[in-house]
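A.B. asks: This is the structure, below, for whatever I ask next.
The values are calculated or read from the model by the stated rules, or taken from the named source; none is laboratory data. Please read these numbers as outputs of a predicted model, since none were measured by experiment. Glycine gets a Cβ as well: all are built from the backbone with ideal geometry, and neighbour counts include every protein chain shown.
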Amino acid sequence: MRIGELSRRAGVSVPTIKFYVREGLLPAGELTSPNQASYGETHVRRLRLIRALLDVGGLSVAGIRSVIEAVDDPDRPVHKVLGAAASRMVPRYDREPGAGMEEARRKVDDLIAARGWNTVPDNPASQSLATALAALDEVGHGAFVDVLNVYADAAEQVARADLDYVARNVAREELVESTVVGTILGDAIFSALRRMAHVDASERVFGEAT
């Protein structure tokens, strides 16, 4: 197909497609003449992946490039490819180091060790969790750490459900796209379900007493 048809199929403008090619996010088409190139289904899939990473995942061009490089590396295990995508989608919080953060990081390390979770040094998610725990402690809710294992139990179940869904796809690009969509929209779904469960739990615990 020519670039115009590729644009219509993928829902991406021609100038944007050319920009992605220049940035190394999308492979160039096969030249059929000095001024014409042919594109295939792999280009359609790649454009959809890029849009998912950009629109749903909120990644920068540099972040997308690192994920694309992981996808295109045939020697990179799928686990590492998914990790490259997921690590780019974890919120980063700037916080001054101090005794509170050190204690929060220790609690996170203890949780990871107690549950036997496989992780990597400087995991952005563990840093985000430590920041949240430190903030809770500062506002007088440090005891929230007592229910952390309950949250971890729920997180494990949700993570298994996520990966069971992702495993239904076979193409590496589809795996990454599923991770992006599942992580971002899955967070929104889980948050909405939690809010609904809060209403039910509040009624059950406090409803009759008011």
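A.B. asks: Quick one: how many residues across the range 4-18 are buried (at least 17 other Cβ atoms within 10 Å of the Cβ) and either under 26 Å from GLY186 (Cα atoms) or touching a Phe, Trp or Tyr at 6+ places or on another chain (Cβ under 8 Å) (or both)?
C.D. replies: Residues that pass the stated criteria total 3.
A.B. asks: Tell me, yes or no, whether the range 35-43 has at least one residue that is farther than 18 Å from GLU173 by Cβ, of a type in the set (Ser, Thr, Tyr) and at pLDDT below 85.
C.D. replies: no
A.B. asks: Which of (1) in contact with a strand residue (DSSP E or B) (Cβ under 8 Å, 6 or more places away or on another chain); (2) surrounded by 15 or more Cβ atoms within 10 Å (Cβ to Cβ) does ARG51 not meet, given it meets every other one?
C.D. replies: Going through (1) in contact with a strand residue (DSSP E or B) (Cβ under 8 Å, 6 or more places away or on another chain); (2) surrounded by 15 or more Cβ atoms within 10 Å (Cβ to Cβ) one by one, ARG51 breaks only (1).
A.B. asks: May I ask you to list the residues in the range 19-48 that are surrounded by 15 or more Cβ atoms within 10 Å (Cβ to Cβ), in a loop (DSSP other than H, G, I, E, B) and of a type in the set (A, V, I, L, M)?
C.D. replies: Matches in the range 19-48: LEU25, LEU26.
A.B. asks: Pull up the range 84-100, narrow it to residues that are surrounded by 18 or more Cβ atoms within 10 Å (Cβ to Cβ) and within 27 Å of GLY63 (Cα to Cα), then point me to the one that is modelled with the lowest pLDDT.
C.D. replies: Restricting to residues being surrounded by 18 or more Cβ atoms within 10 Å (Cβ to Cβ) and within 27 Å of GLY63 (Cα to Cα), the top hit is MET89.
A.B. asks: Same structure, new question: Count, please, the residues in the range 24-69 that happen to be in contact (Cβ under 8 Å) with a residue 24 or more places away in the chain and of a type in the set (Gly, Ala, Ser).
C.D. replies: Qualifying residue count for the region: 9.
A.B. asks: Something else now. Hey, which of the helices (runs of 4 or more DSSP H) in the range 99-210, taking only ones fully inside, have at least 3 residues that are of a type in the set (A, V, I, L, M, F, W, C) and in contact (Cβ under 8 Å) with a residue 60 or more places away in the chain?
C.D. replies: 172-206
A.B. asks: Within the range 1-23, track down each residue that is touching a helix residue (DSSP H, G or I) at 6+ places or on another chain (Cβ under 6 Å), without any contact (Cβ under 8 Å) to a residue 24 or more places away in the chain and over 28 Å from ALA86 (Cα atoms).
C.D. replies: Listed by number, the list holds a single entry, VAL14.
A.B. asks: Hey, can you tell me all the residues within the range 109-148 that are loosely packed, with under 12 Cβ neighbours inside 10 Å and more than 26 Å from LEU175 (Cα to Cα)?
C.D. replies: ALA113, ALA114, GLU138, VAL139, GLY140, HIS141, ALA143, ASP146, VAL147 - these are the residues of the range 109-148 that are loosely packed, with under 12 Cβ neighbours inside 10 Å and more than 26 Å from LEU175 (Cα to Cα).
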